[in-house]
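First comes the structure, then the notes that go with it.
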Amino acid sequence: MPEGQVDVLIVGGGPVGLGLAVDLGARGIDTVLVEKGDGTIFHPRANTVNSRTMEFCRRWGIADTVRDAGAPPEFPPDILYLTSLQGHTIARIARPSHGGRQPLAHTPERSQRCNQLWLDPILRERAASFPSVRLSYNTMFEDFTQDETGVTATLRDLPDGAPRTVRAKYLVACCGGASVARERLGVAMEGTRVLSHHLNIFLRIKDLWTHHDKGQAAFYMFVGNTGRDASLIELNGNDLWRLGLAFGQERVPAEQIDVPALVERFIGPGIPHEVISALPWTCRSIVADRWQSGRVMLAGDAVHQHGPAGGFGMNTGMGDAVDLGWKLAAMVEGWGGPSLLASYQPERQPVARRNVAEATENMQTFTDTPDMTGIDEDSERGEQMRAQVGAEILRNKTKQYLSDGIALGYRYDASPVVINDGTPPPPDTAMTYHQTSRPGSRAPHAFLADGRSTLDLFGRGFVLMDFGGDSAPIAAAARSRGVPLEVVAITEPEIARLYERRLVLVRPDGHVAWRGDAPPDDALRMIDIVRGASPDIVRGASPDNVRGASPDNVRGAVSAEDATSRTDTATMAH
Ligand SMILES: Cc1cc2nc3c(=O)[nH]c(=O)nc-3n(C[C@H](O)[C@H](O)[C@H](O)COP(=O)(O)OP(=O)(O)OC[C@H]3O[C@@H](n4cnc5c(N)ncnc54)[C@H](O)[C@@H]3O)c2cc1C
């Protein structure tokens with residue numbers, strides 16, 4: 001049980017809390033994570049670790065471990081739509097860009113399948129490896145109060161410890177869909193609370209592929225006369241599977257499900273199987289109206305929940321964690337300005353709204369044929385129906401499974417700590433990701449002459465990518481404000497073209513904060529904006545009305561919470 005003082009207290013040891021603990025640990029920030037469970041994962045949830053989360057794992061030194069866990073690289077990541085494993089094939093969606101080590105043009109890290117059964121323990125081990133991080137399992141977070149200097153949290157050792165308190169400078173609640181912290185803050189979830197009820201059955205089936213002729217695939221999606229019937233999802237490329245059932249508005253208890261009958265119907269008769277566990281879950285489409293209150297932040301499922309179609313949930317939460325990691329470190333280390341944390345919601349809430357909308361659309365879109373009677377028939381009518389529905393599935397569903405645009409193309413357009421240069425944004429589409437150094441975007445990937453990715457330069461302090469510009473005024477401004485900044489001179493012309501400007505300032509999370517061909521007239525003012533200390537942002541004044549920022553007028557600023565409401569993008573001439 002942790003006692004006394006800590007810089008950051010994280011509630012929840014799911015992937016988002018653990019990801020944040022790793023990010024803070026890598027920055028040497030004194031962190032305690034409390035988790036009410038003992039760390040055992042009973043049931044498989046997220047499988048898709050998208051390219052962006054894999055890039056974070058690369059930064060954290062665990063990409064290889066994640067890649068090696070779960071399904072082996074030769075296991076096909078494809079999706080097969082079938083009437084049943086013993087029946088007919090309707091469509092195959094191939095995913096040549098998923099899995100394995102071969103880099104893609106825009107990322108060194110392909111999307112991988114690694115279920116939380118293995119991902120969470122990998123994150124846990126990495127978090128525990130940092131001397132500044134303490135993980136406290138079997139510890140319930142019960143309540144908190146906050147004041148101007150910190151948060152006092154009430155914790156209890158399970159099963160029957162006495163309540164104790166810990167004092168933290170900041171609290172991040174990553175405690176999932178039923179967040180106590182969210183409830184205490186009176187945060188409302190906006191959207192549809194119940195889209196549908198589901199049941200997942202975790203199964204062990206040995207050598208499944210010897211019982212059918214459809215070949216290996218990551219997902220088998222079963223389609224009947226009226227639409228989707230069930231899904232069977234591969235977990236370890238061997239004997240572990242998850243059968244998913246949807247019940248619409250009706251909630252069906254696990255005890256009422258005849259698993260052997262379902263296995264017989266979708267998989268085949270007489271196939272030996274073991275039921276490991278069953279998990280009922282509710283599909284929602286909701287985003288929190290507030291993500292921060294003073295020194296308390298909410299992240300992950302605590303602020304956004306949606307269906308699994310597309311595999312965005314955990315990945316969106318990891319983006320929250322990475323957005324918070326460097327900002328919390330900046331506050332603890334003293335170079336973050338009073339409105340830096342207030343940029344968290346304007347940056348991440350629009351991303352969550354975008355991803356929740358996309359996942360909800362994925363849950364709803366299927367085929368254009370409402371009545372598929374005869375789809376499983378061994379007849380000409382059946383064949384025609386399968387050809388028609390198969391074409392519709394390819395047209396409507398491919399973007400659900402190939403979504404690099406969702407994974408990598410999110411931008412912080414409304415951020416008060418990003419300096420918009422007025423250029424038009426690239427299209428934001430689910431499938432296609434356009435590399436750009438436009439401020440607010442993920443900084444582009446390219447391989448340097450020494451074999452590293454440009455992404456390998458990011459993660460600690462700010463990085464000023466220098467393609468032959470005058471970096472000195474910006475470096476001096478950062479030094480005078482105590483902001484960690486490294487100038488990296490790059491000579492490769494193709495990388496210079498990709499980065500589009502002579503100077504590109506990249507934040508510790510790998511997003512572009514500013515770019516230009518020459519340093520701004522007032523480099524101090526620029527540094528103050530990106531560290532959340534500009535009086536323009538803090539006082540709500542127009543940035544263009546203020547020339548320069550002195551430490552004195554920054555110190556007299558209003559609180560981070562007051563600044564939360566300001567979400568317009570900073571702009572400045574350069
Ligand atoms: C069927 C299914 C499939 C999915 N597939 C994908 C996918 O492919 N890709 C993807 O990105 N996402 C997927 N998701 C979503 C993903 O599982 C979640 O988004 C993710 O687990 C959220 O992580 P989290 O850390 O925010 O919350 P959680 O994983 O819910 O973790 C919260 C933790 O907080 C702890 N906790 C709660 N309250 C307290 C308290 N008071 N004190 C101490 N500890 C507390 C809980 O015990 C829990 O361990 C899927 C979800 C489901 C249901």
Out of the GluC sites (Glu not before Pro) in segment 235-322, which ones are loop residues according to DSSP with at most 11 other C-beta atoms within 10 Å? E250
At 222 nm, what value in deg cm²/dmol follows for the chain if DSSP H runs of at least 4 each add -39500 (n - 2.57) and the sum is divided by all its residues, to the nearest 500? -8000 deg cm²/dmol
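I'd like to compare 495-503, 445-453, 170-178: which one has the highest average count of other Cβ atoms within 10 Å, and what's the full order after that?
170-178, 495-503, 445-453
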Which net charge results when you count Lys and Arg as +1 and Asp and Glu as -1 among the other residues whose beta-carbon is under 13 Å from that of T436? +2
Directionally averaged shadow of the chain, computed from the convex hull of its alpha-carbon atoms, nm²: 26.2 nm²
Let's see if you can work this out: charge +1 on each Lys and Arg Cβ, -1 on each Asp and Glu Cβ, no other charges. What is the dipole magnitude of the chain about its Cα centre, in debye to the nearest 20? 760 debye
Highest average packing first - 240-248, 300-308, Cβ atoms within 10 Å: 300-308, 240-248
Cα-based count: Lys pairs in the chain below 27 Å, eight or more positions apart or different chains? 6
Output ordering of 198-211, 103-116 (per-residue mean of other Cβ within 10 Å, highest first) is 103-116, 198-211
Which residue, T89, A478, L503, has the largest displacement toward the positive end of the dipole of the chain when charges sit on each Cβ (Lys, Arg +1; Asp, Glu -1)? A478
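Since every read-out is calculated from the coordinates, none of them should be taken as a lab result. Not measured: the values here are computed from a predicted model. Every residue, glycine as well, gets a Cβ built from its backbone with ideal geometry; the counts of neighbours run over all protein chains shown.
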